[in-house]
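Working notes for the structure below.
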Amino acid sequence: MPTFQTVRGMRDLLAEDAEMLNFVISKARETAKLYGYREVITPVIEPYELLSAKSGEEIRSRMFTFKDLGNRTVALRPEFTASIARLATTALKNEPKPLRTLSVGSVYRYDEPQRGRYREFYQSDFEIIGTSNPEADAEIILLTDRLMRAVGLRNYAFKLGHVGVIRGILSQENVDEKAQNAILQRMDKKEFDEAFKLVESEECLKTLRGSLELKSDDVFETVERIQSHVEGYSKAASSAEDLKKILKLVTEGECPVATVEPAFARGLEYYTGMIFEVYIPELDIALGGGGRYDKLIEVFGGEPTPATGVAHGLDRIALAMQMQKTAPSTKPEKRVVVVPVKEELRGEALRIAQKLREAGIPTEFEVMGRKMAKALEDADRRKVDYAIIVGERELKQGAVMVRNLAKREQILVEIAKLAEKVQS
Ligand code: HAM
């Protein structure tokens, strides 16, 4: 048999990386709690039709799709939003609005593997369902800001846009939704010439090209320029007004918006309103992104229900923390190893180990059957703080020997006071 490697694009997260990821997950859960989002757990495998319905050409072509043994065409989820929209039309249909959900877990896309881009990666996904008010969009951005701060990132900044502006221009020029999607997909990849080739009307082309020139260093000025640029397009104009309201709320919430991009588009097709991404200067890939999708739930057969949300790329946040040398702020716990002096004392030593664990102390047991000197050497190498040496003579006094491995000192401690002593 050859030795096995992981499948290309799949990774093993060894202890340190797993700890880092779990730290970011704990901060996402903490953020959800603070903002009133309740976690739901949905399946990794969903019907292909559900996942592909409104995800767009780009995601669709990268899905892990297969037939299960029941001949159903299914896929590994490339994101959470479709699953939550499914829930909003079924089990959560009658929940009071707004409905706020959190999902955490792995998602799958056949992307080209490179730094920060994997085929299996982790997201925390927040959705708020049942309102089209700008407060909801602002909340999604502000909770992302909170997560970035909670993991200790610095100098991160948000990029904001609104697909309603481009869609508004295109629909007034009678460009159908399919063509709009094709244009936005190309704009997402910054292939503006390719995108604009799909536009027939000269007037429309002029407006679209002009929109690329509107960016200013001042975000409010950019929005005002967008507003006057699309004056004749009523839907685009009201989208620009919506963007302005969201920007105002977010700025009042003291969140760092670096740019408003008039020609910003995102890969997913279901967006109808505000869209955004968050970046740090050290990485040119987004740490998270989201936006408003007011039509998805009705596409899935539900009542027309506005919604907005975000997904955070947890692996990329962990990577960003490494790049900014931001260590997780958890206080190190004392670790102990319990070593019986001889085989006959194993049972007694195990009982002591159990007691320590009950008291919340991370406790390992010498399971390799090593002699004392070897066991202590090993514990020292693995940076364990204390060895609890269980010997016959000490047991007779209801005590054990506690050895501080770093200081190479040991003292006799009563078993009844052991946990307390280790913790202090
Ligand atoms: P998305 O922009 O496709 O949005 O993904 C969100 C985040 O996932 C990205 O910003 C990035 O950090 C991370 N990500 C994407 N692809 C990869 C990859 N190949 N490797 C590592 N990380 C990656 C969504 O998924 C939408 N569902 C967000 C949303 C929720 N919109 C509304 N509600």
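The values are calculated or read from the model by the stated rules, or taken from the named source; none is laboratory data. As the structure is a prediction and not an experimental result, all values here were calculated from the model. We place every Cβ from the backbone using ideal geometry, glycine too, and count neighbours over all the protein chains shown.
Among the residues of region 215-229, are any in contact (Cβ under 8 Å) with a residue 60 or more places away in the chain, surrounded by 14 or more Cβ atoms within 10 Å (Cβ to Cβ) and farther than 16 Å from ILE183 by Cβ? Break it down into steps so the answer makes sense when it comes.
So in region 215-229, the residues in contact (Cβ under 8 Å) with a residue 60 or more places away in the chain come out as 226.
If we keep only those that are surrounded by 14 or more Cβ atoms within 10 Å (Cβ to Cβ) as well, we get 226.
Those still in the list that are farther than 16 Å from ILE183 by Cβ too: 226.
Yes, there is a match, as at least one residue in region 215-229 is in contact (Cβ under 8 Å) with a residue 60 or more places away in the chain, surrounded by 14 or more Cβ atoms within 10 Å (Cβ to Cβ) and farther than 16 Å from ILE183 by Cβ.
Out of all the residues in region 123-151, which are among the charged types (D, E, K, R) and out of contact with any Cys (no Cβ under 8 Å at 6 or more places or on another chain)? Give the steps one after another, and end with the answer.
Looking only at region 123-151, we keep the residues that are among the charged types (D, E, K, R), and these are 125, 127, 135, 137, 139, 145-146, 149.
ASP125, GLU127, GLU135, ASP137, GLU139, ARG146, ARG149, listed by residue number.
Taking ILE41 as meeting all but one of (1) within 19 Å of the chain's Cα centre (by Cα); (2) within 17 Å of SER103 (Cα to Cα); (3) part of a helix (DSSP H, G or I); (4) not polar (S, T, N, Q), write down the number of the exception.
(3)
How do the strands (runs of 3 or more DSSP E) wholly within region 257-376 filter down when requiring 3 or more residues that are in contact (Cβ under 8 Å) with a residue 60 or more places away in the chain and away from the ligand (no atom under 14 Å from the Cβ): which remain?
On the way: elements: 257-260, 274-279, 288-292, 307-313, 336-340, 363-365.
Hits in region 257-376: 257-260.
Among the residues of region 14-23, is any at positive phi and in contact with a Leu (Cβ under 7 Å, 6 or more places away or on another chain)?
Just the residues of region 14-23 that are at positive phi, to begin with: none.
No, region 14-23 contains no residue that is at positive phi and in contact with a Leu (Cβ under 7 Å, 6 or more places away or on another chain).
Against the definition (assigned by TED's automatic domain parsing to the domain that holds GLY302, outside any loop (DSSP other than H, G, I, E, B), more than 17 Å from the chain's Cα centre (by Cα) and surrounded by fewer than 17 Cβ atoms within 10 Å (Cβ to Cβ)), how does GLU95 come out, yes or no? So that I can check it myself, show each step before the final result.
Numbers: assigned by TED's automatic domain parsing to the domain that holds GLY302: yes; outside any loop (DSSP other than H, G, I, E, B): no; more than 17 Å from the chain's Cα centre (by Cα): yes; surrounded by fewer than 17 Cβ atoms within 10 Å (Cβ to Cβ): yes.
No; evaluated as a whole, the condition is false for this residue.
Go through region 266-297 residue by residue and tally those that are surrounded by fewer than 22 Cβ atoms within 10 Å (Cβ to Cβ) and among the small types (Gly, Ala, Ser).
Count: 3.
Within the set of pairs 6+ apart or on separate chains, which have a first residue in region 132-157 that is assigned by TED's automatic domain parsing to the domain that holds THR251 and surrounded by fewer than 24 Cβ atoms within 10 Å (Cβ to Cβ), a second that is at pLDDT below 95 and hydroxyl-bearing (Ser, Thr, Tyr), and C-beta atoms under 6 Å apart?
Once the first residue is assigned by TED's automatic domain parsing to the domain that holds THR251 and surrounded by fewer than 24 Cβ atoms within 10 Å (Cβ to Cβ) and sits in region 132-157, its partners that are at pLDDT below 95 and hydroxyl-bearing (Ser, Thr, Tyr) give GLY152/THR326.
Restricting the search to region 126-168, which residues are β-branched (Val, Ile, Thr) and under 25 Å from THR42 (Cα atoms)? Break it down stepwise before answering.
First pass over region 126-168, keeping only residues β-branched (Val, Ile, Thr): 128-129, 131, 140-141, 144, 151, 163, 165-166.
Across region 126-168, the qualifying residues are ILE128, ILE129, THR131, ILE140, ILE141, THR144.
Starting from region 60-73, keep only residues that are closer than 17 Å to TYR110 by Cβ, then list their pairs with residues that are of a type in the set (A, V, I, L, M, F, W, C) whose Cβ atoms are within a distance under 7 Å, requiring at least 6 positions of separation or different chains.
Partner pairs satisfying both residue conditions: MET63/LEU51; MET63/ALA75; PHE64/ALA75; PHE64/LEU76; THR65/ALA75; PHE66/VAL74.
Consider region 377-424. How many of its residues are over 16 Å from ALA353 (Cβ atoms) and among the hydrophobic types (A, V, I, L, M, F, W, C)?
Looking only at that region, the number is 4.
Tell me which residues, restricted to region 191-203, are surrounded by 13 or more Cβ atoms within 10 Å (Cβ to Cβ) and over 16 Å from ALA265 (Cβ atoms).
Passing the criteria: only SER201.
For region 139-161, which residues satisfy the criterion of being in contact with a strand residue (DSSP E or B) (Cβ under 9 Å, 6 or more places away or on another chain) and either part of a helix (DSSP H, G or I) or within 19 Å of THR305 (Cα to Cα) (or both)?
Passing the criteria: GLU139, ILE140, ILE141, LEU143, THR144, ASP145, LEU147, MET148.
Of (1) touching an Asp or Glu at 6+ places or on another chain (Cβ under 8 Å); (2) closer than 18 Å to LYS342 by Cβ; (3) not in a strand (DSSP E or B), MET401 satisfies all except one. Which?
The single condition MET401 does not satisfy is (3).
Filter region 71-126 down to the residues that are among the acidic types (Asp, Glu) and more than 8 Å from the ligand (Cβ to nearest atom), then identify the one that is nearest to ALA318 (Cα to Cα). Write out each step before concluding.
Of the residues in region 71-126, the ones among the acidic types (Asp, Glu) are 79, 95, 111-112, 120, 125.
With more than 8 Å from the ligand (Cβ to nearest atom) added as a condition, the list becomes 95, 112, 120.
On the way: GLU95: 34, GLU112: 20, GLU120: 15 Å.
In this case the residue turns out to be GLU120.
Across region 178-203, what is the total count of residues that are under 12 Å from GLY56 (Cβ atoms) and at pLDDT below 90?
0
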